[in-house]
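Following this message is one structure expressed as structure tokens.
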Amino acid sequence: MSRVLAFLAALALAAEGSAALAQPAEPMPAAPPGPISAIPPAPPPPAATVAPPPPVQVTRLAAPDAFSTPGRETGLPPTLWRGTSLAIAKAVLPLIAQRPLPPAAAALARRVLATGAPGPEGAGSDPELTAARALALIAQGDPQAAAAILARAPGLDRDAELARVAAESALLAGHDARACGIEEALTSGRDDIYWLRLRSYCQAIAGKTSEAQLTFEIAQAQAKDPVFARLMAAKLAGGGDPGPPSLRNGLDLALSRSLELDLSQAKPSPAVAAALAEGAPTEPAFDLAAAPPELAATAAALVGAGPLPSAELERLLDSADVREPHARARAEAAALLAAPFAEPLGPTLRARVAALNVPEGRGSAARLMILAGAAAEKRLGETALVALWLAADAGAAGLSPGERALVVSALRRAGFDRDARAFALEGLLALR
């Protein structure tokens, strides 16, 4: 019996275990919740968007013209040529390329023409105008500025005259290789005598003696030049007596230098003399000791940058009140030249200056009128060009005191104070 009970007890336990296995499993308890925030979390930021680039603005730059390339720094503004008549520029530049100017005018020409600024309206990249500008700079003593301008001039390979000016300016500046490069690149007018002579020189310094000899013979057959012939013959022979140096132009200078001749044994042309001077051109220097005693104080006052004291002008006007004609004329001229620097003139001084009897001079009344108008309207380039025109017209005799006083007044009014003082000092020292 006990066995039966034990068996039944075992069956009961097995049934309970089966029932327990049949019940679904209870879920695991969740983790205790964390603290609750009163503000819900912010949504993730939107993806950054990149704005499309703005459309490219294409600015069409103005083409460089005959005046845009600088020869050197001059301190004059980029508005130098604004309002200037192109016809006046075309009239004046060849004139001052051919005629020597007195020191004050030459200094003004160098400053104005070496300035890089957009030229008069309509100038464009005119090769003739570029050449005239460079030739004027060479003639007035600044071949280095001319070389700098022509080093960047377009069309050198197509315009023989422009190329010739560029080659000469390079030779004057001592840049023989550049001059030879200009000759080699030229496609027009290569058989002209200048290019034949330059080519023979370039071939000689490059060691191409046979080619140089042939080119030299062709050049001499076309136009004989005894000076070039003796120098070039010595160069080709590699020795012998070439005779004295020649300093007529850039090619003669280069050839004389290559032969190591004593350049002091020849008189240079103005352009070569300027090339031989070291450094940049200097401002005109005036010997104040050469001034007449009664004008020494006035001359000294004009050397500075300040105004002329009214008392000094009054003294000049007083000294003009004499009977002796020569002394009176000199004192009146001096007072008129000094008056622009004593501005503003009061009513009494204006009346006394107006009473002076200084004749206007020989200059063109038309040009003097245009000069005054250009100065009043601050047309800087035109004022300078017309002043140079008058100086070139005056020739070796120079401007008369009346003309000079009008030029001084115009230059000062336009803003060329330094040049106005130089013109006035030059005039004062010329009064005898």
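The values are calculated or read from the model by the stated rules, or taken from the named source; none is laboratory data. On a predicted model such as this, the values are computed, not experimentally measured, just so you know. Because the Cβ atoms are built from the backbone with ideal geometry, glycine has one as well, and the counts that use them run over all protein chains shown. SASA here: full protein model, heavy atoms, side chains in, ligands and nucleic acids out. Shrake-Rupley method; radii C 1.70, N 1.55, O 1.52, S 1.80 Å.
So is Ala305 more than 30 Å from Ile138 (Cβ to Cβ) and either part of a helix (DSSP H, G or I) or hydroxyl-bearing (Ser, Thr, Tyr) (or both) or not? Break it down stepwise before answering.
On the way: more than 30 Å from Ile138 (Cβ to Cβ): yes; either part of a helix (DSSP H, G or I) or hydroxyl-bearing (Ser, Thr, Tyr) (or both): no.
Against the criterion (more than 30 Å from Ile138 (Cβ to Cβ) and either part of a helix (DSSP H, G or I) or hydroxyl-bearing (Ser, Thr, Tyr) (or both)), Ala305 does not qualify.
Going by the conditions given, is Thr84 outside any helix (DSSP H, G or I), among the β-branched types (Val, Ile, Thr) and within 25 Å of Asp393 (Cα to Cα)? Talk me through it step by step, then tell me what you get.
Working: outside any helix (DSSP H, G or I): yes; among the β-branched types (Val, Ile, Thr): yes; within 25 Å of Asp393 (Cα to Cα): yes.
Spelling it out, Thr84 is indeed outside any helix (DSSP H, G or I), among the β-branched types (Val, Ile, Thr) and within 25 Å of Asp393 (Cα to Cα).
Show the residue pairs meeting these rules: Cβ distance below 6 Å; 6+ apart or different chains; first residue within region 274-291 and in contact (Cβ under 8 Å) with a residue 12 or more places away in the chain; second residue of a type in the set (D, E, K, R) and assigned to a helix (DSSP H, G or I).
Every condition considered, the pairs that remain are Pro281/Arg110.
Matching residues to (1) part of a helix (DSSP H, G or I); (2) touching a Phe, Trp or Tyr at 6+ places or on another chain (Cβ under 9 Å); (3) surrounded by 21 or more Cβ atoms within 10 Å (Cβ to Cβ):
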position	(1), (2), (3)
Glu260	no, no, no
Ser264	yes, no, no
Ala273	yes, no, no
Leu316	yes, no, yes
Arg328	yes, no, no
Ala334	yes, no, yes
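This table checks each residue for (1) part of a helix (DSSP H, G or I); (2) over 25 Å from the mean Cα position of the chain (by Cα); (3) among the hydroxyl-bearing types (Ser, Thr, Tyr); (4) at pLDDT 95 or above.
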| residue | (1), (2), (3), (4) |
| --- | --- |
| Arg367 | yes, yes, no, yes |
| Val386 | yes, no, no, yes |
| Ala392 | yes, no, no, yes |
| Gly395 | yes, yes, no, no |
| Glu403 | yes, yes, no, yes |
| Val407 | yes, no, no, yes |
| Arg412 | yes, no, no, yes |
| Ala420 | yes, no, no, yes |
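Yes/no per residue for (1) out of contact with any Gly (no Cβ under 7 Å at 6 or more places or on another chain); (2) of a type in the set (A, V, I, L, M, F, W, C); (3) under 9 Å from Ala66 (Cα atoms):
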{"site": "Ser85", "(1), (2), (3)": "yes, no, no"}
{"site": "Lys90", "(1), (2), (3)": "yes, no, no"}
{"site": "Pro94", "(1), (2), (3)": "yes, no, no"}
{"site": "Pro100", "(1), (2), (3)": "yes, no, no"}
{"site": "Ala105", "(1), (2), (3)": "yes, yes, no"}
{"site": "Val112", "(1), (2), (3)": "no, yes, no"}
{"site": "Ala117", "(1), (2), (3)": "yes, yes, no"}
{"site": "Gly124", "(1), (2), (3)": "yes, no, yes"}
{"site": "Pro127", "(1), (2), (3)": "no, no, yes"}
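Could you tell me whether region 215-238 includes any residue that is open to solvent by less than 70 Å² (accessible area, probe 1.4 Å), farther than 22 Å from Asp192 by Cα and assigned to a loop (DSSP other than H, G, I, E, B)? So that I can check it myself, show each step before the final result.
Within region 215-238, the first condition is being open to solvent by less than 70 Å² (accessible area, probe 1.4 Å), and the residues that meet it are 215-216, 219-220, 223, 225, 227-229, 231-236.
In the following step, the residues that additionally are farther than 22 Å from Asp192 by Cα were identified as 234.
Then keep just the ones that are assigned to a loop (DSSP other than H, G, I, E, B); that gives none.
No - not one qualifying residue is present in region 215-238.
How about region 191-237: which of its residues are closer than 17 Å to Asn249 by Cα, touching a helix residue (DSSP H, G or I) at 6+ places or on another chain (Cβ under 9 Å) and of a type in the set (Lys, Arg)?
Arg197, Arg199
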